[in-house]
Amino acid sequence: MADVTKHLERAKKFLEKNRVEDAIEAYLSVLEEAPSHMEATQALGDLYARREQPDRAAVYYGMFFDLLVDPKDETKALAIYNRFLKHSSAQQQPPERIARYAFLQQKQNRTEEAGEQYGKAAELFTAAGREEDALFCWERIAQLEPDNLSRQVKLADVAEKNGRNMLAARALLRAGQLASASGAADESLKYLQRAHGLAPQERSVALLFAAARLRKGEAAEAAKLLEPFSATEADPVFLETFADALMRSGHLDRARGILEKLLQEKNAGLGRLFQLADLYVAGKNGGKAVEVLTFLKKRMLAQKRQNEFAAQLDDVAGRHPDSSELLEFWAALYNELNRESKYFEIMIRLFDAYMTRGEVRKACDALERLVDIDAYDYRNQERLERLKGKADDAYLRRVASRLTKSGTNISAPDTTPQAGPGRSKEPAQPVTEEGQKMQTLEDLIVQTEIFLQYSLQAKAVDRLQKIAELFPGEEEKNERLRNLYQTANWWPKGAPVKKAEAPRPAGAAEQAAGSAAKTGAFSADTLRDLSKISEINQKIFRQQTPRAMLNTAVNEVGEYLLVSRALAVIGAPGRPPDLAAEFCAPNMKPAPGAQVVFLLAQVEKTTGDELGGLVVENAGTALSDLGLRTALGVKITDRETQQVAGMVIVGQSEARKWKPNETYFLQAIGDQMLMSVSHTRLRSLVRRMGVSDERSGLLSRSSYQSCLLTEADRARTQGTPLSLTIVQIDRGAEIARQQGESPMERFLEQLARSLQPIVRQNDVAVKYTSWSLAFILPDTALAGAQNLADKLRRAASGIRPPWDSTSITLSAGIVEALAKPDYESEDIVTDLMNRAEFSVEEARKRGGDTVVTVEAPKV
């Protein structure tokens, strides 16, 4: 150590006298005694640099860099390298030093510089035959640049050359993913195949290779790759890929077992099961497709996902219009969900499928159901013609008679036996030319009534002009037609203009209330009943189908009055009911249809009391067969025709004295039930007659304001809320300019068909613009409209437009009608439309993909 100190002192004295050569000799002597002496090493680098000998300076600066790295003085080490070593030739630096410098740069997050230096080191290691060290550098480079395809391939080559197969396989796996992401499918497959060859036992390699082969359409080969791992595999991604390979290679039953187990245990694979059902149907195995769909239905409906299931089923069934098994399942679903318009549409397809396959009896049953749902549909007559010469003549005459006479038929009753071909016992009336003319007149009158009901004045006048042309002078003998001319304020040329008739009398419920008020017949129970009547009426109005309305009415009546049975029927007296529903107490069994008809006949013959109550006691088998001792009934009157249109009956198995307030209660509920059924039928028919086109099922924009006015009137009268939702395609105007009107029109139709099953039957869908839909929502407050808008946007998120593979986004504007005492219906609608326009404009300004709610100003 004394010699080192002596040499350092000598070097410093030489430097003071500017004797550089002597100083260098002294510092070299220090290094001979202490090779790792940092001061001497740095001084030698500095002195050689002063003498402009960079190569010699680099030697000692390199040694100084190495000394700094060992004690982790990294900042100073980087400064020395960057200043004195970085720009010297690579051959002057050993590869270890370059790799060490690269590592320091990596720690400083200087990725690009670190990668460059690792590359230099790797080349020097390779030139020196040090392959393992070179592999280390290439591995570092691949880690620094995970998205660089060429780096991954280089690492794989070097790793394979050194026998590091697993490392090479992982690099090739990454290369395959990168190539696939860039669209180079063939290149990706090549890398993945090479990776699998190096590590066939690796499950992740096999999975990605199989997925690549699936994309190339090589399903059988993909299944073979995954087969060795399938017995012990539980990963949902693996099992879905394996099932997909099995499905595409024709092993549908095995794929089914995997997917059903996967859905039950991992709640995954649902979409694949719908694909499986599609493949079963395509393979002419509709029975197994229905089994798969039944499995999915049970699970999804239990999770309250019926709308999602229905949308998926629509997609599958829409591709296979000739599969009667699938169509039957499809129809049954919408019948179960009480979506009659969709049910009717599917039954049309089912009828056509049966006729194509020559299954006449099933076609007859399908036509029966179509007539039950909508006897007004003009195409029923065409279907009847197709059955001539194939079906039983008696059946054809009976159906023809129903079509000719049908005026108020809504739905087939549950309580009467179903008629089929050759089973009808009632005498059939032949279809005459006069009968067909009367049916045409009836249809035109009904259509006019509907248009007037919805304030569609222009359409109503158009129908009246047609009636006047086809049936001149008919108003002289047809009071119903005269009333229509008066209501529309339009008369045929030459016909005497008559004054409007006096206002129609109040309904039965109002008459009963007035009578009771005069006589003081109501007890204190009536006050309690009033709130219950309002509650039940709201529940009835919210139902989507006539059948659901009747069921709600009888269940609520039966539970409130604590009776043994409650029965509600729609239909003219003296005939089997068009629609019926029954409530039974826990100890009572449902009544057979014949017994119900017998009871109706007995009640109809009874003389009513002062309030219109029809009390039946000790009526022999009419009551005893139903387990009743007494019954109370009321007749329901149609306010438009002032004709009896139905009945509500309650019965008790024990002796009971019926009270006047119970009569009024039944009358009020019955009136609301009939009115709601009529409105539902009218809405359904006005949709079919006022739509802009049959493909979308939407009302035209011209009907928008008229429908809003009608619903605003109803909301004011009944004290119920009314909301409006406008759903628009984001950037709709721009897309329409880019793609053209025709593609946008097709997409809007597709969107409408997908969204309409989500809304209630009472809701009205309107084509608002070329890229937006309006939904008029009766009896719906702002919160309910917001929930609906969210559902509509979620349902639309998976719909692909025809011009692009990417999904579109929707925005929605939501407003609720302002209930203000001094507002007329026109004021309410004007305010509602203005706020709706503002809401969708605000959604556009916010960039779309949003919901904007504009509340009414405070009153």
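Taking amide H as placed 1.01 Å from N in the peptide plane, Asp625 has no amide H partner under 5 Å among residues 5 or more places away or on another chain.
Straight-line cross-link reach from Lys190 at under 16 Å between alpha-carbon atoms covers these aspartates and glutamates, not counting any fewer than eight positions away in the same chain: Asp157, Glu160, Glu218, Glu221.
Note on the stretch 98-169: Cα-only Rg and Dmax are 11.5, 32 Å. Applied to the stretch 360-369, the Karplus parametrisation 6.51 cos²θ - 1.76 cosθ + 1.60 on θ = phi - 60° returns per-residue 3J(HN,Hα) values of 5, 4, 5, 4, 5, 4, 5, 5, 3, 5 Hz, with x for Gly and Pro.
Between Glu469 and Ser797, residue separation times 0.36 nm minus the direct Cα-Cα distance comes to 113.1 nm.
For the stretch 16-30, 3J(HN,Hα) computed residue by residue from phi via the Karplus equation (6.51, -1.76, 1.60; θ = phi - 60°) reads 5, 8, 6, 9, 5, 4, 5, 4, 4, 4, 5, 5, 5, 5, 4 Hz, glycine and proline entered as x. Inverting the pair-averaged 1/r between distinct Cα atoms of the stretch 183-279 gives 13.5 Å as its Kirkwood hydrodynamic radius. Magnitude of the charge dipole for the stretch 698-753, about its Cα centre and with charges confined to Cβ atoms of Lys, Arg (+1) and Asp, Glu (-1), is about 100 debye. The residues packed around Ala23, meaning those with a beta-carbon under 12 Å from its beta-carbon, carry a net charge of +1 if Lys and Arg are +1 and Asp and Glu are -1.
Each peptide in 626-636, 827-837, 181-191 gets a packing score, the mean of other Cβ atoms within 10 Å over its residues, and the list from highest to lowest is 626-636, 827-837, 181-191. Dipole size of the stretch 712-854 about its Cα centre, with +1 on Lys/Arg Cβ and -1 on Asp/Glu Cβ: approximately 560 debye, rounded to the nearest 20. Using a cutoff of 8 angstrom between alpha carbon atoms and counting only pairs six or more residues apart, the relative contact order for the stretch 554-688 works out to 23 percent.
Note on the stretch 695-779: semi-axes of the ellipsoid equivalent to its C-alpha gyration tensor, largest first and rounded to whole Å, are 27, 12, 10. For the stretch 569-628, the relative contact order is 25 percent, taking Cα pairs closer than 8 Å that sit 6 or more residues apart in sequence and dividing their mean separation by the residue count. Treating only the Cβ atoms of Lys and Arg (+1) and Asp and Glu (-1) as charged, compute the dipole magnitude of the stretch 112-174 about its Cα centre; round to the nearest 20 debye. I would put it at about 240 debye. Annotation: amide H of Thr809 within the under-5 Å range of Asp730, sequence separation 5 or more or interchain, hydrogens built in the peptide plane. In terms of distances greater than 30 angstrom between alpha carbons, the cross-link table entries Lys6/Lys86; Lys297/Lys362; Lys76/Lys120 yield Lys6/Lys86.
Among 600-608, 15-23, 248-256, sorting by the average number of other beta carbon atoms lying within 10 angstrom of each residue, highest first, gives 248-256, 600-608, 15-23. Alpha-carbon geometry of the stretch 699-850: the Rg and the Dmax are 15.4, 52 Å, given in that order.
Values quoted throughout were computed directly from the atomic coordinates according to the rules given, and no laboratory measurement underlies them. The model shown is predicted, which means the values in this text are computed figures rather than measured ones. Using ideal geometry, Cβ is built from the backbone for each residue, glycine included, and neighbour counts are taken over all protein chains shown.
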